[in-house]
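My questions will all concern the structure given below.
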Amino acid sequence: QKILKMGWKLPVLIKANEIVYGGNDLICEPSEMDNRETATMVFLFDEDLDETALPNWYCEKDSDCRSCQRCQENICVSSCEGYERCAEDTETGEQICCPKERRSGPYCCAKAVNGMCCNEQNQCCPWHKPLIDKNGNCYSCDNEGGVNVTGVEENCGICSNRELWEKSTSETQCVIPCPEDKILRSDAGQCYSCDEETPILLRHLSLKDREIYCRTTCPNRILNGNGNVNCSLPCKERTFTGHDGKCYSCDVQENIMLTGIVNSDCEHCVNRKKYGSVCVLDCPFGEVRGNDAQCYPCDYPDPIYMPGMKDYCEAACPNRIANGNGNVNCSLPCKEGTFTGHDGKCYSCDIEENVSTQNVSHDGCERCPDTRNLYNTMCVPKCPGDAPLRGSDNKCYPCDTETRVYLSGMTDACYECADQRKLDGNYCVLK
């Protein structure tokens, strides 16, 4: 009755003599069939009770009570008055009696506006995201990653479960301390175990400091990945390291980039070859593997998308060249009377369309000197002498047209009418 009356740690379930209590006090009376003089009570709580703490309803002095309470006739009662309620002070972390206008959730703020908790710098956040970074963004105290509090380090104090971490000489983060079983901290401020299979980025450290931190923190790991920015588990037999520091099976069909890798072990896979900065699974002789992991015959008519694989394209298929925008395609050379577009395809010199040849290194617009002009990155059909200005709409205009002619990616076309027209952004207009 005292537990129910005072509301101290209300139990989920009460049984008396194996009978569930449902609000009838007669359950506590011994029955005629019961030989015992008193009933046996069982209380089920949703959490363990703290054996060292006094029940909130009993006290002998004020110090026996929680914050915001005082001892009155051996009972802890609230010391708050009127509309005050006990809340955690965001500045000190202490429980205080807080007026209604300063409360937001369980916190007592410097100021509360529309349910948001605001600090003395007038930065406001929802009460469940009280941690404010240097840019005013809000985070919960349980946010796994580090929060940049450079210049506002005092903001970290709002979360009792976090601490300051000097990520670098120019950046301070508010982070959750790493537990004993997760002692490796990434540059994002998160904690990992030494057996974590994922490579852990350490870009915030210099190469020398990175090597020392990785080796001393987790002796079972090594630096790897593009620029040795990852602290990784060494790759096992029949695997190799990609540019992202991950371990890949020798049998994986995808082409794996090795950019910036010091020791990739690609050469340890007898079924793969390294071309430039790419580790490629062998195709049958006379075929080449595209970026989609499929093998194509060397006489395949369409361009094969293979970014960053110029060496492989021309070594596997000597009849093909790396071409298109940034040499991302492995293509057959264009025949006479055709030219290469930015997509690596061959276009007829007579096609009545404007075709982009941006970053094309072979067989570009210069192959069609009689029928086409190159303006900036666009290869376009020539216009007649009485209407020499070609617009992005594939139409030819006379120099004296009042139309504002749009020239996206081909503004040099305006100089066909240099005496009468001028550029206005991407438009060719009358002077």
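For GLU254, indicate whether it is touching a residue at least 12 places away in the same chain (Cβ under 8 Å), under 27 Å from ILE321 (Cβ atoms), out of contact with any strand residue (DSSP E or B) (no Cβ under 7 Å at 6 or more places or on another chain) and of a type in the set (Asp, Glu).
yes
Could you tell me whether the stretch 391-402 includes any residue that is in contact with an Asp or Glu (Cβ under 7 Å, 6 or more places away or on another chain) and surrounded by fewer than 14 Cβ atoms within 10 Å (Cβ to Cβ)?
Taking every residue of the stretch 391-402 in turn, at least one turns out to be in contact with an Asp or Glu (Cβ under 7 Å, 6 or more places away or on another chain) and surrounded by fewer than 14 Cβ atoms within 10 Å (Cβ to Cβ).
How many residues does the stretch 341-376 hold that are under 38 Å from the mean Cα position of the chain (by Cα) and under 28 Å from ASN291 (Cα atoms)?
Total satisfying the criteria: 12.
Then there's this: Of GLY425, GLY364, which residue is more than 28 Å from ASN327 (Cα to Cα) and out of contact with any helix residue (DSSP H, G or I) (no Cβ under 7 Å at 6 or more places or on another chain)?
One residue alone meets the criteria, GLY425.
What pairs can you find where one residue is in the stretch 365-377 and of a type in the set (Phe, Trp, Tyr), the other is part of a loop (DSSP other than H, G, I, E, B), and their Cβ atoms are less than 7 Å apart, with a gap of 6+ or different chains?
These pairs meet every condition: TYR375/MET410.
Are any residues in the stretch 297-346 crowded, with 20+ Cβ neighbours inside 10 Å and either among the aromatic types (Phe, Trp, Tyr) or under 17 Å from ASP282 (Cα atoms) (or both), and if so, which ones?
ILE304, MET306, MET309, LYS310, TYR312, CYS313, ALA316, CYS317, CYS330, PHE339
Provide a single number: the residues in the stretch 282-307 that are within 26 Å of MET378 (Cβ to Cβ) and under 35 Å from the mean Cα position of the chain (by Cα).
Of the residues in that region, 5 qualify.
Have a look at LYS274, LYS246, LYS208 and point out the one that is in contact (Cβ under 8 Å) with a residue 12 or more places away in the chain and under 20 Å from ASP187 (Cβ atoms).
Exactly one residue qualifies, and that residue is LYS246.
Hey, another quick one. Does the stretch 125-178 hold any residues that are touching a helix residue (DSSP H, G or I) at 6+ places or on another chain (Cβ under 6 Å) and polar (S, T, N, Q), and which are they?
THR172
Of the numbered conditions (1) more than 36 Å from the chain's Cα centre (by Cα); (2) at pLDDT below 90, ASN323 fails exactly one; give the number of that condition.
(1)
Restricting the search to the stretch 312-363, which residues are without any contact (Cβ under 8 Å) to a residue 12 or more places away in the chain, in contact with a Ser or Thr (Cβ under 9 Å, 6 or more places away or on another chain) and charged (D, E, K, R)?
If the condition is that a residue be without any contact (Cβ under 8 Å) to a residue 12 or more places away in the chain, in contact with a Ser or Thr (Cβ under 9 Å, 6 or more places away or on another chain) and charged (D, E, K, R), then no residue fits.
Quick one: which residue in SER186, SER206 is closer than 19 Å to GLY245 by Cα, small (Gly, Ala, Ser) and in contact with a strand residue (DSSP E or B) (Cβ under 7 Å, 6 or more places away or on another chain)?
Just one listed residue meets the conditions, SER186.
Of the conditions (1) within 25 Å of LEU407 (Cα to Cα); (2) of a type in the set (Lys, Arg); (3) touching a Cys at 6+ places or on another chain (Cβ under 6 Å), ARG367 fails just one. Which one is it?
Status for ARG367: all satisfied but (3).
Tell me yes or no: at least one residue of the stretch 62-82 is modelled with pLDDT of 85 or more, of a type in the set (A, V, I, L, M, F, W, C) and within 23 Å of CYS156 (Cα to Cα).
Checked against the condition, which is being modelled with pLDDT of 85 or more, of a type in the set (A, V, I, L, M, F, W, C) and within 23 Å of CYS156 (Cα to Cα), the stretch 62-82 yields no hits at all.
Whether any residue in the stretch 257-264 is at pLDDT 90 or above and not basic (Lys, Arg) is what I want to check.
Initially, the stretch 257-264 is screened for residues at pLDDT 90 or above, giving none.
No: the stretch 257-264 contains no residue that is at pLDDT 90 or above and not basic (Lys, Arg).
List the strands (runs of 3 or more DSSP E) that sit entirely inside the stretch 353-429 and contain at least 2 residues that are under 30 Å from PRO307 (Cα atoms).
Values: elements: 372-375, 378-381, 421-424.
By residue number, 372-375, 378-381.
Within the stretch 263-299, how many residues turn out to be among the hydrophobic types (A, V, I, L, M, F, W, C) and assigned to a strand (DSSP E or B)?
6
The values are calculated or read from the model by the stated rules, or taken from the named source; none is laboratory data. All values reported here derive from a predicted model rather than from experimental measurement. When we count neighbours, we look across all protein chains shown, and the Cβ atoms used for this are built from the backbone with ideal geometry, even at glycine.
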